[in-house]
Amino acid sequence: MGFPTFVYNQLLVHPRLPPYTFADQTVIITGSNTGIGLETARHISRLGAHKVILAVRNLASGEAAKQSIETSTGRAPGTCVEVWHLDLADTHSMLAFADKALALSRLDAFIANAAVATKVFALAEGGYESSVTVNNISTFLLALTLLPKLRQTAKDHPNRFRPPHLTILTSQVHAWPQFPQWKDPRGTFVALSDEKTAKMDERYPVTKLLGVMLTRELVSQLGDDPGVIISMVETGFCDTELSRENKGIEEVAFNFWKTLFARTAEQGARTVVAGASAGKESHGTYMVNGVPAQEALGKWVQGEEGRIAQKRVWDEFGEIAEAIRPDVLKCLV
Ligand SMILES: NC(=O)c1ccc[n+]([C@@H]2O[C@H](COP(=O)([O-])OP(=O)(O)OC[C@H]3O[C@@H](n4cnc5c(N)ncnc54)[C@H](OP(=O)(O)O)[C@@H]3O)[C@@H](O)[C@H]2O)c1
C-alpha cells in the first residue's frame, strides 16, 4: 500500500459496521481488555452475541473491560461477557485455554487479535523469541486447536446465516521487512530467536508477515470447502496501546503521526467485525476497510519466493505445533 492510499484510507474511508446480528453466537477475542480487541468485543456484544469471551492475560484489566462493555451496551451483568485467562507467551496457559474452549457447546468465531510489538529481545518459555511466540506460534496453535470446534459448530447449526469464522488480525506492515531468515539453514523460527542476529526494530512487521504466510498456507491446506471462513483483517492505523514501548522523541513523533492519521480503536474494530461476519467471498482474503482487498497484500508474499517461504515456514511451524500439542495438525486431513 503506497502512501497516497494510506492517507486516503485513514482520512477519507470510514469503515461501517456490518448490519448483521451475532444472536446465539459464541465468540472468542484474544487481547480484548484494551484497544481494537476491546472495541471488537463491545461491538459484538451490542450486536446481540450470546457469549463473548475476553481472552486476556491480565484478569483485572479483563474484568474492567467486561464492566465497561456491560455499561455501554446495556447487556445485563453476567449474561454475555466472560473473562478467561490467556497468556500467549505461556504454553501451559494457552493449552489450558484451548481445552476450556473446546468444552464450549459452540464456537462461532475465533478472533486472533492479541499481539505485542516490542523491540526488546526476550525468549519465551518454549525457547522462541517472545513476540514470535505470542503473535505467531501460540496464536496459530490455538487457532488450529479450535478449528475442529468451529467446524463442528457449522455442522451442528446448518441453518446458520454464514459459516463460523477464524479471523486473524494482520497489518499493512507485513509488506515492509526484508525477511532473510526464511532461508536460514537452522530454520526460520530458530533464526528469529537468535539474539545476536535479531533486528528487533523490524520484529513486529516480521511477525505480521509470518501471520500472513501462516494464514495463507492454512487456507491452502484446508482446500476448497473448509466449513469455516478464514480471513486476514488489516484494521488501518489505529490509536491504541500497541506502541506503548515508545519513549522520548520516538513517542512524541509517533503521537504526532497518530494525531494526523490514526483511526480510533472503535473505527478499527468495525473492520474486525466485518471480517468476523463476512460471507464466503472473504475466505482466504486480506481485508482492508472491512472488505476483501487482495491487491493490497504485499507483492513478495504473493510471488514465487514468497510461496516457497510460506511452505517452509508452515512446515517448521507444524513441527513446533506438533511437539507442543501432538496430533494438532490432524484437523487438516
Ligand atoms: N493499532 C494499529 O494501528 C493496528 C494496525 C493494524 C493491525 N493491528 C493489529 O490489531 C491487533 C490489536 O492491536 P491493538 O492495536 O489493539 O494493540 P493493543 O492496544 O496493544 O492491544 C493488544 C492486546 O494484545 C494483548 N496481548 C499482548 N501480549 C499478550 C499475551 N502474551 N497474551 C495474551 N494477550 C496479549 C494485550 O494485552 P495487555 O493489555 O495485557 O498487554 C492487549 O490486550 C494486533 O494484532 C495488531 O497487530 C493494529
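Throughout, read-outs are computed from the coordinates displayed, never taken from laboratory work. Everything quoted here is computed from the prediction, not taken from an experiment. For neighbour counting, all protein chains shown are included, and Cβ atoms are generated from backbone atoms with ideal geometry for every residue, glycine included.
Worth a mention:
- Stretch gain in nm, segment ALA23-GLU202, where the contour uses 0.36 nm per residue and the Cα spacing is subtracted: 60.4 nm
- log10 of Debye I(q)/I(0), alpha-carbon scatterers only, for the range 194-276 at 0.23, 0.24 Å⁻¹: -1.17, -1.20
- Put simply, the range 231-333 fits an ellipsoid with semi-axes of 31, 20, 16 Å; these come from the alpha carbon gyration tensor as the roots of five times its eigenvalues, largest first.
- The orientation-averaged projected area of the convex hull spanned by the Cα atoms of the chain comes to 16.2 nm².
- Label separation (LYS280 vs PHE6): 3.7 nm, computed from points 7 Å beyond Cα along the C-beta direction.
- With a threshold of 21 Å on the Cα-Cα distance, the over-threshold entries among LYS100/LYS149; LYS119/LYS299; LYS66/LYS100; LYS199/LYS311; LYS183/LYS299 are LYS119/LYS299; LYS199/LYS311.
- As a length-normalised measure over Cα pairs under 8 Å and 6 or more apart, the relative contact order of the chain settles at 20 percent.
- Beta bridges by DSSP in the chain, antiparallel share as percent, to the nearest 5: 10 percent
- Model label sites at LYS311 and LEU102, defined 7 Å from Cα along the beta-carbon direction, differ in position by 3.0 nm.
- Projecting the Cα atoms of VAL83, GLN267, ALA112 onto the dipole axis of the chain, where Lys and Arg carry +1 and Asp and Glu carry -1 at the beta carbon, places GLN267 farthest toward the positive end.
- Top of TYR286, TYR204, TYR20 by mean-square fluctuation, Gaussian network on the chain, Cα under 10 Å: TYR20
- Considering helices alone, the calculated mean residue ellipticity of the chain at 222 nm is -13500 deg cm²/dmol, with DSSP H runs of length four and up weighted by -39500 (n - 2.57) and normalised per residue.
- Here the relative contact order of the range 1-112, from alpha carbon pairs under 8 Å that lie six or more residues apart, stands at 27 percent.
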